[in-house]
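**Student:** Got a structure here, written out as structure tokens. Questions coming.
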Amino acid sequence: MNKLVLKGFLLFGFCAFAQNAVSEKDFKSVEQKVIDWRRDFHQYPELSNREFKTAEKIAKHLKSLGIEVQTGVAKTGVVGVLKGNTPGKVVALRADIDALPVTERNDLSFKSEVVGEFQGEEVGVMHACGHDTHIAILMGVAEILSKNKDKIKGTVKFIFQPAEEGPPPGEEGGAALMIKEGALKNPDVDAIFGLHINSGTSVGTIGYKPGGTMAAVERFVVNVNGKQTHGSQPWGGVDPIYIAAKIIDGYQSIISRESNLLIEPAVITVGKITAGVRFNIIPESAEMIGTVRTLDPDMKALIIRRMTEMTEGLAKTYGGSATIEFQNNTAITYNDEKLTEAMLPTLQKTAGVENVVLIKATTGGEDFSFFQEKVPGFYFFLGGMTPGNTEAFPHHTPDFKIDDSGMLLGVKTLTAMSIDYLNKK
Ligand SMILES: [Zn+2]
Ligand SMILES: [Zn+2]
């Protein structure tokens, strides 16, 4: 230790332990702003790939903090780069920014009255998944970190991502497009963190799981071809509706008889069937659209292979033909085990050991998974239910509600995770 360093150590040694911790005063100074931002985003939500005003507000805020800003990434995405006072690794923090075609039913002073267009229909627009809180939290983190550059050993990248709920049909978007457009490059990201607010767990708590946390989501489309005939004379044709029923039945046997559900759960759902025009005509064709949810890569491969075999095989057995096409909407949200272990003390320090809960995987999907396919990532759940409540409306519903007071822990956690990750050897 040379003299200069020794002097520095003596001067600042008393706070050596807390040198990387951001002061409570700093957090308090952004709390109300975070709430105000969130309420504004909530009142003026925008659908996937249409987050124009939202992106403008985010970019304006980041620029006001002196953060280097790139806009128009993956259509409406915003990326900010904040360099610390000393060089080091690069950590990315991601918030999704899109709302949903849901008409809000809450009685709030900042209730959304916005109407938009989705697939040609007029729809109510609502932040019914809580992404408004994600934006506000990350804007708060950006403000705090930009005032604490002396504590940042490296670089923090802020990724505000559009279209997490999925771009409109026929459009690209979301995490996959952000990656394609270089969001993880220049500077190259070493690790990425993200969170989701949860309407069903209490404010002040954090839920996490190492490994497979949220499901891979496939969308599938089945086209069944039969032969049209009179409804009174089925023997004169091939009934595609009957074949569709057999195929659905077959799919459920893949889950109940062929999947090892002790490893992870899996789900196949047919959500839409279209066939026929009236009661006395057996139509020419039927279409089915549905989703597959998996949490284990091998189970996913098995289910997709067997669904393809059943679709083609059962249709043939009953005299028709059928095809199935899969579209991968999200990968498995997979929390890197080492990174999760390394970050756990930070979560516990910020939320309190008793408030950090190991959770089970969910069959919901999250396109944060695409970032995790490229770099180690960690994704966790933040409590958003008013303390004392025991029930909450689910995400994606008109009554969905989040308690503003839950956001501060999100700000604190992402801030501490960034600093701690960058300072770890
Ligand atoms: Zn959602
Ligand atoms: Zn969401």
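**Student:** Run the numbers for Thr390 and Glu172: contour at 0.36 nm per residue of separation, minus the present Cα-Cα distance, in nm.
**Tutor:** Length gained between Thr390 and Glu172: 74.6 nm.
**Student:** Now a separate question. Given Cα pairs under 8 Å that are at least 6 residues apart, what percent is the relative contact order of the range 142-201?
**Tutor:** RCO, the range 142-201: 21 percent.
**Student:** In nm, to one decimal, how far is the modelled label at Glu325 from the one at Ser256, with both set 7 Å along Cα→Cβ?
**Tutor:** So the two model labels end up 3.1 nm from each other.
**Student:** How large is ³J(HN,Hα), in whole Hz, for each residue of the range 44-49 in order, when computed from phi with the Karplus curve 6.51 cos²θ - 1.76 cosθ + 1.60 and θ = phi - 60°, using x for Gly and Pro?
**Tutor:** In residue order, the calculated couplings are 10, x, 9, 6, 3, 6 Hz.
**Student:** Follow-up. Given R₀ = 45 Å, what would the calculated FRET efficiency be for Thr269 paired with Glu31, taking r from the Cβ atoms and rounding to 0.05?
**Tutor:** 0.65
**Student:** Quick one: which residues, 5+ away or cross-chain, put their amide H under 5 Å from the amide H of Thr201? H built at 1.01 Å from N.
**Tutor:** Counting only residues 5 or more places away or on other chains, the set is Gly384, Met385.
**Student:** Rank Ala176, Ala59, Ala342 by mean-square fluctuation in a GNM of the chain with C-alpha springs under 10 angstrom and give only the top-ranked residue.
**Tutor:** In the Gaussian network model the winner is Ala342.
**Student:** Could you pull out the longest piece of the chain with no exposed loop chymotrypsin sites (Phe, Trp or Tyr not before Pro) in it, calling a site exposed if DSSP puts it outside H, G, I, E, B and it has at most 10 other Cβ atoms within 10 Å?
**Tutor:** Counting at most 10 other Cβ atoms within 10 Å as exposed, the longest clean stretch of the chain is 18-278.
**Student:** So which residue, out of Gly173, Gly271, Gly226, gets the largest mean-square fluctuation from a GNM of the chain using Cα contacts under 10 Å as springs?
**Tutor:** Ranking Gly173, Gly271, Gly226 by mean-square fluctuation puts Gly271 first.
**Student:** So, with +1 on the Cβ of K and R and -1 on the Cβ of D and E, and no other charges, what is the size of the charge dipole of the chain about its Cα centre, to the nearest 20 debye?
**Tutor:** That gives a dipole near 1540 debye.
**Student:** Return the carbon/sulfur percentage of the accessible area of the range 219-334, one whole number, probe 1.4 Å, all protein chains in place.
**Tutor:** That share works out to 53 percent.
**Student:** Moving on. Less than 19 Å from a label point 7 Å out along the Cα-to-Cβ axis of Thr103: which backbone N atoms in the range 39-78 qualify, by residue?
**Tutor:** So the set is 43-47.
**Student:** Run lengths n ≥ 4 of DSSP H only: what is the helix-derived mean residue ellipticity at 222 nm for the chain, with -39500 (n - 2.57) per run over all residues, to the nearest 500?
**Tutor:** Computed mean residue ellipticity for the chain: -10500 deg cm²/dmol.
**Student:** Here's another thing I want to ask about it. Taking all protein chains in place and a 1.4 Å probe, what share, in percent, of the accessible surface of the range 88-217 do carbon and sulfur account for?
**Tutor:** 46 percent
**Student:** Turning to a different aspect of this structure: Name the residues whose placed amide hydrogens come within less than 5 Å of the amide hydrogen of Ile97, ignoring near sequence neighbours (fewer than 5 apart) on the same chain.
**Tutor:** Close amide H contacts, sequence-distant or interchain: Gln161, Ala163, Glu164.
**Student:** Percent antiparallel among DSSP beta bridges with both residues in the chain, to the nearest 5?
**Tutor:** Antiparallel: roughly 65 percent of the beta bridges in the chain.
**Student:** In square angstrom, what is the accessible area per residue of the chain with a 1.4 angstrom probe?
**Tutor:** 47 Å²
The values are calculated or read from the model by the stated rules, or taken from the named source; none is laboratory data. All values reported here derive from a predicted model rather than from experimental measurement. Glycine gets a Cβ as well: all are built from the backbone with ideal geometry, and neighbour counts include every protein chain shown. For accessibility, only protein heavy atoms count, side chains too; no ligands or nucleic acids. Shrake-Rupley method; radii C 1.70, N 1.55, O 1.52, S 1.80 Å.
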